[in-house]
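Notes follow the structure.
The values are calculated or read from the model by the stated rules, or taken from the named source; none is laboratory data. Values in this document were obtained by computation on a predicted structure and should not be read as measured data. Please note: Cβ atoms are built from the backbone with ideal geometry, for glycine as well, and neighbour counts cover all protein chains shown.
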């Protein structure tokens, strides 16, 4: 069966977007609300039928991810996001470890359903919603020995609000990484097919 490279690209863009937002947040204390909300929504979009549905059926939901991914995979660097690729690789590694833990996946599934109801009431950008997502991440993903070392301004990272946002965004990256594997993505593509992925990302941005 042939791979759907568009879906693979969109799902991977979700990972890049989460990673880029984490970097921006850790260094500035703020992130674009629209991009963050799109990433957080993907975590609680439990009944999506397609990759696009996960991001509200609109390519603009992963516009930042597509831009950063196209740049990093094509040029191997981006002055604004020097740590993003490292975060992406860390997210992919954690997702692979998580997919082998049915016990943790069961906990995540149950608690995300609860958070989904909470988000419907308060909105995805509410501090209680972000705090709950951060707690789920801390109780499951953070139990692995491997940790993603987030670099940034300590004055921001020590704030509870920023810490919760960072964990929630990393969690959304793992969600996108899961989706990426489900539609046929694998780690070798990031190396072997990086130009193809960058080209598709660029085309999606033009068509948006």
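Can you report the number of residues in segment 182-191 which are part of a helix (DSSP H, G or I) and either buried (at least 17 other Cβ atoms within 10 Å of the Cβ) or modelled with pLDDT under 90 (or both)?
Summing the residues that are part of a helix (DSSP H, G or I) and either buried (at least 17 other Cβ atoms within 10 Å of the Cβ) or modelled with pLDDT under 90 (or both) in segment 182-191 gives 5.
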- line: With criteria (1) touching a helix residue (DSSP H, G or I) at 6+ places or on another chain (Cβ under 7 Å); (2) surrounded by fewer than 19 Cβ atoms within 10 Å (Cβ to Cβ), residue 206 comes up short on (1)
task: Answer yes if at least one residue in segment 118-126 is closer than 18 Å to residue 31 by Cβ, assigned to a loop (DSSP other than H, G, I, E, B) and free of Cβ contacts under 8 Å to residues at least 60 places away in the same chain, and no otherwise.
output: yes
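Test residue 100 against the criterion of being more than 29 Å from residue 80 (Cα to Cα), outside any helix (DSSP H, G or I) and either out of contact with any helix residue (DSSP H, G or I) (no Cβ under 9 Å at 6 or more places or on another chain) or modelled with pLDDT of 95 or more (or both), and give yes or no.
Details: more than 29 Å from residue 80 (Cα to Cα): yes; outside any helix (DSSP H, G or I): yes; either out of contact with any helix residue (DSSP H, G or I) (no Cβ under 9 Å at 6 or more places or on another chain) or modelled with pLDDT of 95 or more (or both): yes.
Spelling it out, residue 100 is indeed more than 29 Å from residue 80 (Cα to Cα), outside any helix (DSSP H, G or I) and either out of contact with any helix residue (DSSP H, G or I) (no Cβ under 9 Å at 6 or more places or on another chain) or modelled with pLDDT of 95 or more (or both).
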Sole exception among (1) under 19 Å from the mean Cα position of the chain (by Cα); (2) part of a loop (DSSP other than H, G, I, E, B); (3) surrounded by fewer than 16 Cβ atoms within 10 Å (Cβ to Cβ) for residue 145, by number: (1)
query: Out of all the residues in segment 115-138, is one or more modelled with pLDDT of 95 or more, within 17 Å of the chain's Cα centre (by Cα) and farther than 19 Å from residue 37 by Cα?
result: yes
message: Considering only residues that are more than 18 Å from residue 136 (Cα to Cα) and in a helix (DSSP H, G or I), which ones fall in segment 150-166?
response: 154, 155, 156, 157
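What do you reckon, is residue 14 within 22 Å of residue 206 (Cβ to Cβ) and within 11 Å of the chain's Cα centre (by Cα)? Working first, answer last.
On the way: within 22 Å of residue 206 (Cβ to Cβ): yes; within 11 Å of the chain's Cα centre (by Cα): yes.
When the stated conditions are applied, residue 14 passes them.
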message: Looking at 85, 25 in this structure, which one is modelled with pLDDT of 95 or more, in contact with a helix residue (DSSP H, G or I) (Cβ under 6 Å, 6 or more places away or on another chain) and either surrounded by 15 or more Cβ atoms within 10 Å (Cβ to Cβ) or assigned to a loop (DSSP other than H, G, I, E, B) (or both)?
response: 25
task: Return yes when residue 157 is over 17 Å from the mean Cα position of the chain (by Cα) and either within 16 Å of residue 16 (Cβ to Cβ) or crowded, with 16+ Cβ neighbours inside 10 Å (or both) and no when it is not.
output: yes
- request: Kindly list the number of the only condition in (1) in a helix (DSSP H, G or I); (2) surrounded by fewer than 16 Cβ atoms within 10 Å (Cβ to Cβ); (3) touching a helix residue (DSSP H, G or I) at 6+ places or on another chain (Cβ under 6 Å) that fails for residue 114.
  value: (3)
task: Just one of (1) modelled with pLDDT under 95; (2) closer than 23 Å to residue 34 by Cα; (3) surrounded by 21 or more Cβ atoms within 10 Å (Cβ to Cβ) trips up residue 168, so point out which.
output: (1)
message: If I ask for residues that are surrounded by fewer than 22 Cβ atoms within 10 Å (Cβ to Cβ), closer than 18 Å to residue 196 by Cα and under 15 Å from the mean Cα position of the chain (by Cα), which ones from segment 60-82 would you list?
response: 63, 67
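Criterion first (surrounded by fewer than 24 Cβ atoms within 10 Å (Cβ to Cβ), out of contact with any strand residue (DSSP E or B) (no Cβ under 8 Å at 6 or more places or on another chain) and assigned to a helix (DSSP H, G or I)) does residue 48 satisfy it? I'd like the intermediate steps shown before the answer.
On the way: surrounded by fewer than 24 Cβ atoms within 10 Å (Cβ to Cβ): yes; out of contact with any strand residue (DSSP E or B) (no Cβ under 8 Å at 6 or more places or on another chain): yes; assigned to a helix (DSSP H, G or I): no.
When the stated conditions are applied, residue 48 does not pass them.
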